[in-house]
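Notes for the one structure printed next.
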2 protein chains.
Amino acid sequence: MADISTTLPLTPESVHTAFSKIRDHVHRTPLLTSKTLNSIASSSSDSTPSPKFNIYFKCENYQRIGAFKARGAFHAITHLIEVMGLEEVRKRGVVTHSSGNHAQALALAASHFDIPAHIVMPKISTPSKIAGTQSYTKHVYFSGSTSQEREAMVEDVIKDTGAILVPPYDHPDIMLGQGTTALELQEQYNKIREEQDGKPNLKAVLSPLGGGGLLSGISIYFSDQPEVNVIGCEPSYQGGNDGEIGLKSNPPKRIETVKTLTIADGLRTPVGTIPWKIFTSGSSNKTKNLESIYSATEEQIKKAMRLVLERMKVFIEPSSAVPLAVVLYNEEFRKWVYEEQQAEGGKPWDIAIVFSGGNTTIEAIMGIFGDKSNDKDIERAEGIKGSGGKHIAENIAG
Amino acid sequence: MADISTTLPLTPESVHTAFSKIRDHVHRTPLLTSKTLNSIASSSSDSTPSPKFNIYFKCENYQRIGAFKARGAFHAITHLIEVMGLEEVRKRGVVTHSSGNHAQALALAASHFDIPAHIVMPKISTPSKIAGTQSYTKHVYFSGSTSQEREAMVEDVIKDTGAILVPPYDHPDIMLGQGTTALELQEQYNKIREEQDGKPNLKAVLSPLGGGGLLSGISIYFSDQPEVNVIGCEPSYQGGNDGEIGLKSNPPKRIETVKTLTIADGLRTPVGTIPWKIFTSGSSNKTKNLESIYSATEEQIKKAMRLVLERMKVFIEPSSAVPLAVVLYNEEFRKWVYEEQQAEGGKPWDIAIVFSGGNTTIEAIMGIFGDKSNDKDIERAEGIKGSGGKHIAENIAG
C-alpha cells in the first residue's frame, strides 16, 4: 500500500479529491425512496410514540462488483500509481487476502490499469465469489481459513513477486475512497430536495459497520457538517457489535478480535485502528465525527432484509439490512430520534441509509430464512423412530 | 365495466390518450440495463453462433402495487367515471375476482376516487396479497377456488350492490391502460439513445403472456411501427403456452382453457378473446401486430430469475423472468434473431423486456428453488424404513 506519509489528510476536501480521481471508474448508484418503508418506520407496533422518517437509500448494491468496495480499491490503485508510477506498480503488482467483495474490487481496479492482482482466498470461499475474482485476475491462490494461514500466504506472494499489499479497510486511501459514497449521496439528496422545492435538511446517515472503511469515510466527509449525525450499525449476535461495545466502554477502547457467525457476513471483522481513531475524535466544528453506534439482532436484520426484498424489490445482502433494522427496531435509537424531534417541534427527519452491497445468492437466502422451518423439521425428524430421522434433518439444515 | 361501445378504438393514439389520463396516478418506472446480462445473452454455451443483444429492462415491478396492473385499473376507473359520472360510479362501486395483482390494483385505483371496490378472492390466496388488498378496501369476500365458485360470488355481489364488473384483461380499457407501459419504455429508450448520441433502433419488445392484457396493449401501441417486433413469452409447463400452441395451429385457434401449475403463476390463464383478436391481426402498415410467441421451461425460467436477482440485484416474480428465459435459452428465438441479424450485417439488436411485477415472497422463492434439494430429500426420506420418511418429505416439499 502507498506509504501513509504520502496519503491525503483525512478531511472532507480529500474525499472530494478522491472523488475526482475515481468518478469515471465507478457507477453513480441510485438514491431511492419508499413510501411503504417510510410509513413502517414512522409507526410503532406498540403504544410508544414513534419518530418520523423520510428515508433515502443509497444503493451501493448497484455499484460495480455489487458493493461499495470498488470505490476504495480504485482510489488506492490510482494513488499508488501517482506515488510510484504506473510502470513500477505494473512490475510489482498488488496483493490482498479476502474472501469477499474487497478481493473482487481490487482485482477489477487492478485489471483496469493492467496491473497484476494477487488474491489470496480461503479454500472455503463461495464458488460465485471465487469465479467473480477469477474473471478479473488469473492470480488467485487458495489458503486455509485462519488469518495466520492467509497472512502467511500473502507474505509468500510478496516475497516471490514484490507485490504491494492493499488492505481491505485499515488505510487512509481506502477510507477516503469509500467516503465518496457520502459525497455522492448528499449531492443526490440535495438535488431531489431542490426538485421538490424543499430545503435540504439531512439529519442522519446510517451505515453498516464492519472493519470501518465505509463508515470512517462517511464520518470524514461529514466532519465539517455538525447538523448531520453519522451513525454506525452492527449485528449484535455473538459480539458482532464490537464497535458499539468498545465505544460504550469507559474509557472507549477498540476491541481487537471478534468471532461471530452473524448472517451479516460482511460485518464479522473488528473495527480497524485508523477508522477507530476517526470514530473517537472530532474536528474543528463538530464534537464527534461519529454520533453513535447501534446494533440489531439476527431476527431484526432478517425482518428488515425481507422488507427491502419483498416491498422495495431491491436485492441486498444481509449486511446492507442492518441500518434499516436499527431504524425500525432499535428502541434506544428510536427513542433518541423521537426526543430530538420533539425538541425541534416534531418535524420528520430526512435520513440516509447506505445499502453497502448485494452480493448474495438464493441459496444463502434460503439458508438464512429456512432456519425456522428447518427447526421444525428437526423437531419432526427427531420424533421418528430409529436413527434416520436426525440424519435427514441435518442434511436439510445444511 | 364501461360498455365496449364507449371505449376508444384499439390504436396507438388511444394508448396516448390513456396515458394522459393515468400518468399522474402511476409511477414512471425505470428502464434499466445490465452489461453482465448483455454479455450472457450475446454468447452461446455451445458452438452455435450467438445473436447479439443490448437489453433494456422496463421495471414494472417498481410500479404501484408492484405490478403493471395499476395502469389498466386506473384507466378502467377513469373511463367509467367519464362515461357514468363519478357520483353514479361511487354509488354502485366496482367488483372483480382475482387472487393476485389485479385485485390490489383495482382496490387501489377505486380507493383513490373514493369508489367502493368489492373484491372476491379465493380463500387460499396468499395472506400477503389478501392483506395488500384489504389495505385499500374493506369489501373483500372469500370464495372457493374454482372459477364457478368465484363467478357465482361476483354475481351475488352485483345483485346486492349493483357494482360494475372490471375484468382483469379481456377489455379494451384494461388493454389500452397496460399499453402505456410500451409508450413509456419507448420514450425512455429514445432518451437514453439520444444521450449516447446514438440512433434509436428498437428491434423487439418481449413481454410475458398470460391473459394478454399487457401484451395486447404493447401490440396495439407498436401497431404502426413495423420495425418493432412484439413478442409474447409463455411458460411451456403443462400447456401454459396456450398462446403459442394456439398461434401455431393451422388455422390459428384460441385455446380456451388452461390448467398449469407453472411457477410463473401470473401466466396460468388462457389468452382472452379481445387480446387474441389483436394478436392474430395486423394494421394498415404492419402485417402482424404480434410477431410471434415463444416459451420457456420451468428450469429456464428459474435460471433467468436467478440471474436477475443475483446479478442485476432486482427483485422480480417468476412471471417476469419468462421473456429473459426466452432470450437466453429458446433456440428457436435465438436462431431467428441470429438470421435476421446476419441479413442486416450482424449488428446487435436493441431489445426491451418487460418485468411485469415483483410480488413474490422469500417463502415462494424458497419453494421454487428448494425443489431440487427437496427431490433429494424425498429420495432420502423414502429410503428410510417405516412410513415416517415420506411424511417428512411431503411436509418439506410443501
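Details
- Sequence ranges B:344-353, B:230-239, B:191-200, ranked by mean other-Cβ count within 10 angstrom, highest first: B:230-239, B:344-353, B:191-200
- Under 5 Å, built H, 5+ apart or other chain: amide partners of A:V205: A:N229, A:V230, A:I231, A:A352
- Global form of chain A, assessed from the alpha-carbon gyration tensor, a/c cut-off 1.5: oblate
- Per-residue shielding of A:358-364, expressed as the average number of other chain Cβ atoms within 10 Å of the residue Cβ, stands at 5.
- Each Cα pair of the range B:48-202 feeds into the Kirkwood radius, which the Stokes-Einstein equation turns, at 20 °C and 1.002 mPa s, into a diffusion coefficient of 126 µm²/s.
- Within the straight-line cut-off of under 17 Å between alpha carbons, the lysines reachable from A:K248 are A:K277, A:K288, sequence neighbours fewer than 8 places apart in one chain being disregarded.
- When restricted to Cα atoms, the range B:68-117 yields an Rg and a Dmax of 10.0, 29 Å, respectively.
- Where the Cα pairs of the protein assembly as shown fall when distances are cut into 10 Å bins, in %: 3, 12, 21, 23, 21, 14, 6, 1, 0
- Of all DSSP bridge pairs formed entirely within chain B, close to 10 percent run antiparallel.
- Net charge of the neighbourhood of B:P348, taken over other residues with C-beta under 12 Å away and scored Lys/Arg +1, Asp/Glu -1, is 0.
- Distances between equivalent label points of A:S39 across the copies, with each point positioned 7 Å along Cα→Cβ, amount to 4.1 nm, shortest listed first.
- Sorting B:Y136, B:Y294 by solvent-accessible area of protein heavy atoms yields B:Y136, B:Y294, largest first, with a 1.4 Å probe.
- Solvent-accessible area per residue for the range B:58-104 (1.4 angstrom probe, square angstrom): 29 Å²
- Cross-link partners of B:K138 among lysines (Cα-Cα below 23 Å; sequence separation of 8 or more within a chain): A:K35, B:K69, B:K91, B:K123, B:K129, B:K159
- For the range A:218-361, the convex hull drawn through the C-alpha positions has a volume of 124 cubic angstrom per residue.
- Averaged over peptide B:314-327, the number of partner chain Cβ atoms lying within 10 Å of each residue's Cβ comes to 1.
- Kirkwood radius for the range B:2-58, taken over all pairs of different Cα atoms as the inverse mean of 1/r, rounds to 15.2 Å.
- Estimated from helices alone, the mean residue ellipticity of chain A at 222 nm is -14000 deg cm²/dmol (sum of -39500 (n - 2.57) over DSSP H runs with n ≥ 4, per residue).
- A:D156 contributes an accessible area of around 80 Å² to the protein surface, as traced by a 1.4 Å probe with all chains present.
- Other protein chain C-beta atoms within 10 Å of residue C-beta, averaged over A:306-313: 6.
- Between A:D24 and B:K303, the C-beta separation translates, for a Förster distance of 22 Å, into a calculated FRET efficiency of about 0.05.
- Computed over protein heavy atoms with a 1.4 angstrom probe, the accessible surface ordering of A:I174, B:I130, largest first, is B:I130, A:I174.
The values are calculated or read from the model by the stated rules, or taken from the named source; none is laboratory data. These numbers come from a predicted model, not from an experiment. Every residue, glycine among them, receives a Cβ derived from its backbone with ideal geometry; neighbour counts consider all protein chains shown. The protein model used for the area step is the full one, side chains on, heavy atoms only, and it has no ligands, DNA or RNA in it. Shrake-Rupley method; radii C 1.70, N 1.55, O 1.52, S 1.80 Å.
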